[in-house]
1. Quick one: Cα centre-to-centre distance for the stretch 321-362 and the stretch 113-142, in angstrom?
2. Highest mean first, how do 84-97, 378-391 rank when packing is the count of other Cβ atoms within 10 Å averaged over residues?
3. Antiparallel DSSP bridges in the chain: what percent, to the nearest 5?
4. Amide H neighbours of Ser100 under 5 Å, counting only residues 5+ apart in sequence or on other chains, H built in-plane at 1.01 Å?
5. Highest GNM mean-square fluctuation, the chain, Cα pairs closer than 10 Å: which of Pro126, Pro49, Pro166?
6. How many percent of the accessible area of the chain is carbon or sulfur, using a 1.4 Å probe?
7. Could you grab the relative contact order for the stretch 66-287? Cα pairs under 8 Å, six or more apart, rounded to a whole percent.
8. How much accessible surface area, in Å² rounded to 10, belongs to the heavy atoms of Arg305 with a 1.4 Å probe?
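The values are calculated or read from the model by the stated rules, or taken from the named source; none is laboratory data. The shown structure was predicted, so the numbers you read here are calculated from the model rather than taken from an experiment. Cβ sites come from the backbone with ideal geometry, for glycine too, and all protein chains shown count toward neighbours. These area figures cover heavy atoms from the full protein model, side chains too; ligands, DNA and RNA do not enter into them. Shrake-Rupley method; radii C 1.70, N 1.55, O 1.52, S 1.80 Å.
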Amino acid sequence: MTTPQPLSTWARNISPSPTLAVDAKAKALIAAGEDVCSFAAGEPDFDTPQHIKDACEQALRDGKTKYAATPGILPLREAIAGQYADDYGYTISPSQVVVSPGGKYSCYLGILAVCSPGDEVIIPAPYWVSYPEMVKLSGAKPTFVLCDDTTEFKLTAEKLEAAITPKSRMLILCNPSNPTGAVYSREEIAAIIAVAVKHNLYILSDEMYERLIYDDAKPTCVATLSPEAAERTITVAGFSKTYSMTGWRIGTTAAPAPIAKALVNIQSQTSSNVTTFAQYGALAAITEKEKTRAALIEMLTAFDRRRKYLHRELNNISGVNCLLAQGAFYLFPNVSSFGLSDLEFCERLLETENVAAVPGSAFGAEGYLRLSYATADETLQKGIERLTRFCGSL
Ligand SMILES: *Cc1c(COP(=O)(O)O)cnc(C)c1O
(Lines give C-alpha, C1' and ligand atoms only; values in the text may rest on other atoms or scores of the structure.)
Protein backbone atom coordinates (compact mmCIF):
# COMPACT_ATOMS: atom_id res chain seq x y z
CA MET A 1 0.00 0.00 0.00
CA THR A 2 1.28 3.46 -0.84
CA THR A 3 0.56 6.28 1.57
CA PRO A 4 -1.99 8.87 0.45
CA GLN A 5 -0.65 11.94 -1.30
CA PRO A 6 0.24 14.97 0.81
CA LEU A 7 -2.33 17.68 1.51
CA SER A 8 -2.51 20.82 -0.60
CA THR A 9 -0.05 23.69 -0.51
CA TRP A 10 -2.79 25.80 1.14
CA ALA A 11 -3.50 23.26 3.86
CA ARG A 12 0.17 22.81 4.63
CA ASN A 13 0.88 26.55 4.73
CA ILE A 14 -1.92 27.68 6.99
CA SER A 15 -1.48 27.99 10.76
CA PRO A 16 -4.45 27.49 13.07
CA SER A 17 -5.76 30.57 14.91
CA PRO A 18 -3.64 31.05 18.05
CA THR A 19 -6.29 33.17 19.76
CA LEU A 20 -8.93 30.49 19.33
CA ALA A 21 -6.37 27.95 20.56
CA VAL A 22 -5.64 29.85 23.81
CA ASP A 23 -9.35 30.41 24.35
CA ALA A 24 -10.04 26.71 23.76
CA LYS A 25 -7.31 25.72 26.22
CA ALA A 26 -8.75 28.04 28.87
CA LYS A 27 -12.27 26.72 28.28
CA ALA A 28 -11.01 23.12 28.53
CA LEU A 29 -9.35 23.87 31.89
CA ILE A 30 -12.56 25.49 33.12
CA ALA A 31 -14.55 22.45 31.98
CA ALA A 32 -12.11 20.27 33.94
CA GLY A 33 -13.02 22.21 37.07
CA GLU A 34 -10.02 24.56 37.20
CA ASP A 35 -10.58 28.10 38.43
CA VAL A 36 -9.27 29.92 35.35
CA CYS A 37 -9.29 33.68 34.77
CA SER A 38 -9.31 34.21 31.04
CA PHE A 39 -8.21 37.40 29.32
CA ALA A 40 -8.27 35.53 26.03
CA ALA A 41 -11.86 36.09 24.92
CA GLY A 42 -12.35 37.66 21.53
CA GLU A 43 -16.04 38.31 22.11
CA PRO A 44 -18.26 40.38 24.40
CA ASP A 45 -19.45 38.62 27.55
CA PHE A 46 -22.99 39.98 27.09
CA ASP A 47 -25.93 38.10 25.62
CA THR A 48 -27.40 39.25 22.29
CA PRO A 49 -30.03 41.95 23.03
CA GLN A 50 -33.53 40.48 23.38
CA HIS A 51 -35.19 42.44 20.55
CA ILE A 52 -32.66 41.01 18.09
CA LYS A 53 -33.34 37.46 19.26
CA ASP A 54 -37.09 38.12 19.09
CA ALA A 55 -36.86 39.28 15.47
CA CYS A 56 -34.96 36.15 14.55
CA GLU A 57 -37.51 33.92 16.30
CA GLN A 58 -40.33 35.70 14.54
CA ALA A 59 -38.59 35.16 11.18
CA LEU A 60 -38.34 31.46 11.96
CA ARG A 61 -42.04 31.33 12.80
CA ASP A 62 -42.76 33.21 9.56
CA GLY A 63 -40.98 30.51 7.60
CA LYS A 64 -37.88 32.50 6.61
CA THR A 65 -36.06 29.21 6.38
CA LYS A 66 -35.16 28.96 2.69
CA TYR A 67 -32.27 30.16 0.58
CA ALA A 68 -32.13 33.94 0.31
CA ALA A 69 -30.34 36.22 -2.16
CA THR A 70 -26.60 35.49 -2.05
CA PRO A 71 -25.54 39.03 -0.97
CA GLY A 72 -28.19 39.13 1.77
CA ILE A 73 -31.87 39.98 2.10
CA LEU A 74 -32.62 43.33 0.45
CA PRO A 75 -34.08 45.07 3.55
CA LEU A 76 -30.89 44.32 5.45
CA ARG A 77 -28.65 45.64 2.67
CA GLU A 78 -30.85 48.74 2.45
CA ALA A 79 -30.60 49.25 6.20
CA ILE A 80 -26.80 48.88 6.12
CA ALA A 81 -26.48 51.34 3.22
CA GLY A 82 -28.78 53.74 5.10
CA GLN A 83 -26.65 53.45 8.21
CA TYR A 84 -23.47 54.31 6.27
CA ALA A 85 -25.22 57.42 4.90
CA ASP A 86 -26.50 58.47 8.35
CA ASP A 87 -23.33 57.75 10.30
CA TYR A 88 -20.64 58.89 7.89
CA GLY A 89 -22.28 60.52 4.87
CA TYR A 90 -21.04 57.53 2.86
CA THR A 91 -23.67 57.10 0.14
CA ILE A 92 -23.76 53.69 -1.46
CA SER A 93 -26.44 51.64 -3.09
CA PRO A 94 -27.64 48.40 -1.45
CA SER A 95 -26.03 46.54 -4.35
CA GLN A 96 -22.65 47.62 -2.98
CA VAL A 97 -23.36 45.85 0.31
CA VAL A 98 -22.61 42.17 0.74
CA VAL A 99 -23.68 40.23 3.83
CA SER A 100 -21.42 37.25 4.48
CA PRO A 101 -21.13 34.42 7.02
CA GLY A 102 -19.10 36.42 9.56
CA GLY A 103 -16.79 39.39 9.24
CA LYS A 104 -13.93 36.93 9.02
CA TYR A 105 -15.32 35.60 5.75
CA SER A 106 -15.99 39.17 4.59
CA CYS A 107 -12.26 39.89 5.00
CA TYR A 108 -11.34 36.72 3.15
CA LEU A 109 -13.67 37.53 0.24
CA GLY A 110 -12.23 41.05 0.04
CA ILE A 111 -8.72 39.66 -0.20
CA LEU A 112 -9.71 36.99 -2.74
CA ALA A 113 -11.46 39.58 -4.89
CA VAL A 114 -8.33 41.64 -5.57
CA CYS A 115 -5.21 39.60 -4.68
CA SER A 116 -3.48 37.05 -6.90
CA PRO A 117 -0.35 34.92 -6.61
CA GLY A 118 2.72 37.16 -6.83
CA ASP A 119 1.00 40.15 -5.20
CA GLU A 120 2.11 41.57 -1.88
CA VAL A 121 -0.23 42.72 0.85
CA ILE A 122 1.01 45.19 3.45
CA ILE A 123 -0.10 44.41 6.98
CA PRO A 124 0.85 46.63 9.92
CA ALA A 125 1.83 44.58 12.98
CA PRO A 126 0.44 43.98 15.57
CA TYR A 127 -2.24 42.56 13.26
CA TRP A 128 -5.39 40.52 13.62
CA VAL A 129 -4.26 36.90 13.41
CA SER A 130 -6.27 35.91 10.36
CA TYR A 131 -5.01 38.49 7.85
CA PRO A 132 -1.66 36.87 6.97
CA GLU A 133 -3.20 33.41 6.67
CA MET A 134 -6.01 34.68 4.43
CA VAL A 135 -3.50 36.46 2.23
CA LYS A 136 -1.51 33.23 1.93
CA LEU A 137 -4.68 31.35 0.97
CA SER A 138 -5.14 33.81 -1.91
CA GLY A 139 -1.63 32.96 -3.12
CA ALA A 140 -0.38 36.48 -2.36
CA LYS A 141 2.37 37.27 0.10
CA PRO A 142 1.88 39.14 3.37
CA THR A 143 4.55 41.74 4.21
CA PHE A 144 4.68 43.32 7.63
CA VAL A 145 5.42 46.75 9.05
CA LEU A 146 6.09 46.65 12.78
CA CYS A 147 4.39 49.47 14.66
CA ASP A 148 5.24 49.15 18.35
CA ASP A 149 4.11 51.01 21.46
CA THR A 150 6.51 53.89 20.81
CA THR A 151 4.12 54.96 18.03
CA GLU A 152 0.94 53.80 19.82
CA PHE A 153 0.95 50.73 17.53
CA LYS A 154 0.01 52.94 14.59
CA LEU A 155 1.23 52.88 11.02
CA THR A 156 2.43 56.19 9.60
CA ALA A 157 2.49 57.51 6.04
CA GLU A 158 6.32 57.36 6.07
CA LYS A 159 6.41 53.75 7.21
CA LEU A 160 3.87 52.78 4.58
CA GLU A 161 5.76 54.60 1.85
CA ALA A 162 8.92 52.69 2.80
CA ALA A 163 7.13 49.32 2.69
CA ILE A 164 5.59 49.70 -0.77
CA THR A 165 7.14 47.74 -3.66
CA PRO A 166 6.03 47.38 -7.30
CA LYS A 167 4.24 44.19 -6.24
CA SER A 168 2.18 45.84 -3.48
CA ARG A 169 -1.48 45.40 -4.19
CA MET A 170 -3.34 45.96 -0.96
CA LEU A 171 -3.03 47.54 2.47
CA ILE A 172 -4.97 46.06 5.37
CA LEU A 173 -5.97 48.42 8.17
CA CYS A 174 -7.91 47.59 11.31
CA ASN A 175 -9.32 50.64 13.11
CA PRO A 176 -10.11 50.46 16.02
CA SER A 177 -7.50 47.76 16.27
CA ASN A 178 -7.72 44.19 17.35
CA PRO A 179 -5.32 43.38 19.10
CA THR A 180 -4.15 46.76 20.48
CA GLY A 181 -7.38 48.77 20.83
CA ALA A 182 -5.60 51.72 19.17
CA VAL A 183 -7.77 54.23 17.34
CA TYR A 184 -6.40 56.45 14.58
CA SER A 185 -7.52 60.06 14.33
CA ARG A 186 -9.08 61.04 11.01
CA GLU A 187 -5.94 63.06 10.19
CA GLU A 188 -3.61 60.15 10.94
CA ILE A 189 -5.53 57.73 8.78
CA ALA A 190 -6.03 60.29 5.99
CA ALA A 191 -2.26 60.67 5.68
CA ILE A 192 -1.85 56.89 5.35
CA ILE A 193 -4.67 56.56 2.84
CA ALA A 194 -3.22 59.37 0.71
CA VAL A 195 -0.05 57.29 0.30
CA ALA A 196 -2.06 54.16 -0.49
CA VAL A 197 -4.04 56.06 -3.13
CA LYS A 198 -0.89 57.60 -4.61
CA HIS A 199 0.49 54.08 -5.14
CA ASN A 200 -2.89 52.80 -6.36
CA LEU A 201 -3.26 50.20 -3.61
CA TYR A 202 -6.52 48.60 -2.63
CA ILE A 203 -7.41 49.08 1.01
CA LEU A 204 -9.13 46.49 3.15
CA SER A 205 -10.49 48.61 5.97
CA ASP A 206 -11.61 46.41 8.86
CA GLU A 207 -13.99 48.61 10.85
CA MET A 208 -15.45 45.78 12.91
CA TYR A 209 -15.05 47.78 16.16
CA GLU A 210 -16.32 51.12 14.79
CA ARG A 211 -18.89 51.48 17.59
CA LEU A 212 -16.78 50.16 20.47
CA ILE A 213 -14.94 53.36 21.17
CA TYR A 214 -14.26 55.46 24.31
CA ASP A 215 -13.35 58.94 25.53
CA ASP A 216 -13.37 61.45 22.69
CA ALA A 217 -12.15 59.02 20.01
CA LYS A 218 -14.14 58.76 16.80
CA PRO A 219 -14.34 56.06 14.16
CA THR A 220 -13.27 56.92 10.62
CA CYS A 221 -14.94 55.44 7.57
CA VAL A 222 -11.93 55.20 5.28
CA ALA A 223 -14.03 55.19 2.12
CA THR A 224 -15.23 58.73 2.94
CA LEU A 225 -11.72 60.23 2.99
CA SER A 226 -11.69 61.00 -0.75
CA PRO A 227 -13.36 59.85 -3.97
CA GLU A 228 -10.08 58.05 -4.81
CA ALA A 229 -10.19 56.25 -1.47
CA ALA A 230 -13.82 55.25 -2.08
CA GLU A 231 -12.85 53.61 -5.40
CA ARG A 232 -10.21 51.48 -3.70
CA THR A 233 -11.62 50.66 -0.29
CA ILE A 234 -13.32 47.47 0.79
CA THR A 235 -14.98 48.20 4.12
CA VAL A 236 -15.59 45.29 6.45
CA ALA A 237 -17.84 45.60 9.50
CA GLY A 238 -20.49 43.50 11.12
CA PHE A 239 -22.68 42.59 14.02
CA SER A 240 -20.50 40.18 16.00
CA LYS A 241 -18.68 42.55 18.34
CA THR A 242 -21.02 45.57 18.42
CA TYR A 243 -24.19 43.66 19.24
CA SER A 244 -22.69 40.64 20.94
CA MET A 245 -23.68 38.38 18.04
CA THR A 246 -20.48 36.41 17.48
CA GLY A 247 -22.31 33.08 17.13
CA TRP A 248 -24.74 34.42 14.55
CA ARG A 249 -22.06 34.62 11.87
CA ILE A 250 -22.99 37.82 10.06
CA GLY A 251 -20.40 40.13 8.56
CA THR A 252 -20.77 42.95 6.08
CA THR A 253 -18.77 44.43 3.24
CA ALA A 254 -19.32 47.75 1.51
CA ALA A 255 -17.32 48.10 -1.69
CA PRO A 256 -17.22 49.77 -5.11
CA ALA A 257 -19.69 48.10 -7.48
CA PRO A 258 -17.22 45.96 -9.49
CA ILE A 259 -15.65 44.61 -6.29
CA ALA A 260 -19.03 43.97 -4.67
CA LYS A 261 -19.99 41.96 -7.74
CA ALA A 262 -16.82 39.88 -7.45
CA LEU A 263 -17.51 39.26 -3.74
CA VAL A 264 -21.01 38.04 -4.56
CA ASN A 265 -19.72 35.75 -7.29
CA ILE A 266 -17.18 34.14 -4.99
CA GLN A 267 -19.69 33.87 -2.16
CA SER A 268 -22.30 32.35 -4.49
CA GLN A 269 -19.92 29.49 -5.25
CA THR A 270 -18.48 28.97 -1.77
CA SER A 271 -21.10 29.63 0.90
CA SER A 272 -24.31 31.16 -0.50
CA ASN A 273 -26.34 33.44 1.77
CA VAL A 274 -25.97 33.95 5.51
CA THR A 275 -28.57 31.94 7.48
CA THR A 276 -31.80 33.55 6.34
CA PHE A 277 -33.61 33.97 9.68
CA ALA A 278 -30.43 35.26 11.34
CA GLN A 279 -30.44 38.15 8.88
CA TYR A 280 -33.79 39.29 10.25
CA GLY A 281 -32.23 39.55 13.70
CA ALA A 282 -29.46 41.69 12.24
CA LEU A 283 -32.08 43.84 10.53
CA ALA A 284 -33.73 44.52 13.91
CA ALA A 285 -30.34 45.56 15.32
CA ILE A 286 -30.32 48.40 12.80
CA THR A 287 -33.99 49.32 12.57
CA GLU A 288 -34.97 49.14 16.26
CA LYS A 289 -32.64 52.01 16.97
CA GLU A 290 -33.66 52.95 20.52
CA LYS A 291 -33.47 49.43 21.92
CA THR A 292 -30.17 48.81 20.21
CA ARG A 293 -28.74 52.08 21.47
CA ALA A 294 -29.73 51.24 25.04
CA ALA A 295 -28.10 47.81 24.82
CA LEU A 296 -24.95 49.28 23.31
CA ILE A 297 -24.68 51.95 25.99
CA GLU A 298 -24.98 49.32 28.71
CA MET A 299 -22.17 47.30 27.14
CA LEU A 300 -19.95 50.33 26.48
CA THR A 301 -20.36 51.56 30.05
CA ALA A 302 -19.15 48.23 31.41
CA PHE A 303 -16.28 48.01 28.90
CA ASP A 304 -15.14 51.54 29.67
CA ARG A 305 -15.12 50.91 33.42
CA ARG A 306 -13.11 47.70 32.96
CA ARG A 307 -10.76 49.33 30.46
CA LYS A 308 -9.78 52.03 32.93
CA TYR A 309 -9.51 49.57 35.80
CA LEU A 310 -7.32 47.15 33.85
CA HIS A 311 -5.12 49.93 32.53
CA ARG A 312 -4.54 51.37 36.00
CA GLU A 313 -3.84 47.98 37.59
CA LEU A 314 -1.47 46.89 34.81
CA ASN A 315 0.63 50.02 35.13
CA ASN A 316 0.78 49.46 38.90
CA ILE A 317 2.72 46.26 38.25
CA SER A 318 6.41 46.96 38.25
CA GLY A 319 7.87 46.05 34.84
CA VAL A 320 4.56 46.27 32.93
CA ASN A 321 3.87 49.17 30.61
CA CYS A 322 0.45 49.66 29.07
CA LEU A 323 -1.08 52.35 26.85
CA LEU A 324 -4.70 53.36 27.44
CA ALA A 325 -6.29 52.26 24.18
CA GLN A 326 -9.50 53.96 23.10
CA GLY A 327 -11.25 51.23 21.16
CA ALA A 328 -12.39 47.60 20.96
CA PHE A 329 -12.06 45.63 24.22
CA TYR A 330 -8.36 44.90 24.38
CA LEU A 331 -5.28 46.28 26.06
CA PHE A 332 -1.82 45.35 24.82
CA PRO A 333 0.71 45.70 27.66
CA ASN A 334 4.44 45.50 27.11
CA VAL A 335 5.98 42.74 29.27
CA SER A 336 9.36 42.58 27.56
CA SER A 337 11.19 43.76 30.71
CA PHE A 338 10.77 40.38 32.42
CA GLY A 339 13.33 38.62 30.25
CA LEU A 340 10.97 35.87 29.08
CA SER A 341 9.58 35.46 25.60
CA ASP A 342 5.90 36.35 25.51
CA LEU A 343 5.08 32.73 24.65
CA GLU A 344 6.93 31.51 27.73
CA PHE A 345 5.33 34.26 29.80
CA CYS A 346 1.83 33.14 28.78
CA GLU A 347 2.56 29.44 29.22
CA ARG A 348 3.92 29.92 32.73
CA LEU A 349 1.14 32.33 33.63
CA LEU A 350 -1.44 29.73 32.69
CA GLU A 351 0.42 26.89 34.42
CA THR A 352 1.23 28.62 37.70
CA GLU A 353 -1.70 31.02 38.11
CA ASN A 354 -4.46 29.70 35.85
CA VAL A 355 -4.57 32.98 33.96
CA ALA A 356 -5.05 32.84 30.17
CA ALA A 357 -3.66 35.59 27.92
CA VAL A 358 -2.63 35.61 24.27
CA PRO A 359 1.06 36.30 23.53
CA GLY A 360 1.77 39.35 21.36
CA SER A 361 3.82 37.26 18.95
CA ALA A 362 0.55 35.64 17.79
CA PHE A 363 -0.17 39.10 16.37
CA GLY A 364 3.32 39.68 15.00
CA ALA A 365 4.52 41.72 18.00
CA GLU A 366 6.90 39.95 20.36
CA GLY A 367 7.07 41.14 23.97
CA TYR A 368 3.42 42.01 24.55
CA LEU A 369 0.23 40.37 25.79
CA ARG A 370 -3.25 40.84 24.47
CA LEU A 371 -5.67 41.13 27.34
CA SER A 372 -9.39 41.20 26.62
CA TYR A 373 -11.56 43.01 29.13
CA ALA A 374 -14.74 41.58 27.67
CA THR A 375 -15.09 39.54 30.82
CA ALA A 376 -16.82 39.83 34.22
CA ASP A 377 -15.45 42.43 36.65
CA GLU A 378 -14.73 39.75 39.29
CA THR A 379 -12.72 37.73 36.78
CA LEU A 380 -10.72 40.81 35.85
CA GLN A 381 -10.03 41.61 39.48
CA LYS A 382 -8.97 38.08 40.37
CA GLY A 383 -6.94 37.81 37.16
CA ILE A 384 -5.08 41.03 37.92
CA GLU A 385 -4.24 39.85 41.45
CA ARG A 386 -2.79 36.66 40.02
CA LEU A 387 -0.92 38.45 37.25
CA THR A 388 0.56 40.84 39.80
CA ARG A 389 1.73 37.91 41.94
CA PHE A 390 3.16 36.17 38.87
CA CYS A 391 5.11 39.23 37.75
CA GLY A 392 6.43 39.67 41.28
CA SER A 393 7.76 36.10 41.20
CA LEU A 394 9.82 36.65 38.05
C1 LIG B 1 -13.86 39.48 15.39
C2 LIG B 1 -13.20 40.15 14.24
C3 LIG B 1 -13.61 39.97 12.91
C4 LIG B 1 -14.67 39.02 12.44
O5 LIG B 1 -15.67 38.74 13.24
P6 LIG B 1 -16.74 37.63 12.88
O7 LIG B 1 -16.96 36.94 14.18
O8 LIG B 1 -16.24 36.74 11.83
O9 LIG B 1 -17.94 38.40 12.43
C10 LIG B 1 -12.96 40.66 11.91
N11 LIG B 1 -11.95 41.48 12.20
C12 LIG B 1 -11.53 41.69 13.44
C13 LIG B 1 -10.40 42.61 13.66
C14 LIG B 1 -12.12 41.02 14.51
O15 LIG B 1 -11.67 41.20 15.74
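1. Result: 25 Å between the Cα centres.
2. Put in order of decreasing packing, that is 378-391, 84-97.
3. Of the beta bridges lying entirely in the chain, close to 45 percent run antiparallel.
4. Hits under the 5 Å cutoff: Gly251, Thr252, Thr253.
5. Pro166
6. On the way: 9000 of 16860 Å².
Of the solvent-accessible surface of the chain, carbon and sulfur hold 53 percent.
7. 28 percent.
8. 120 Å²
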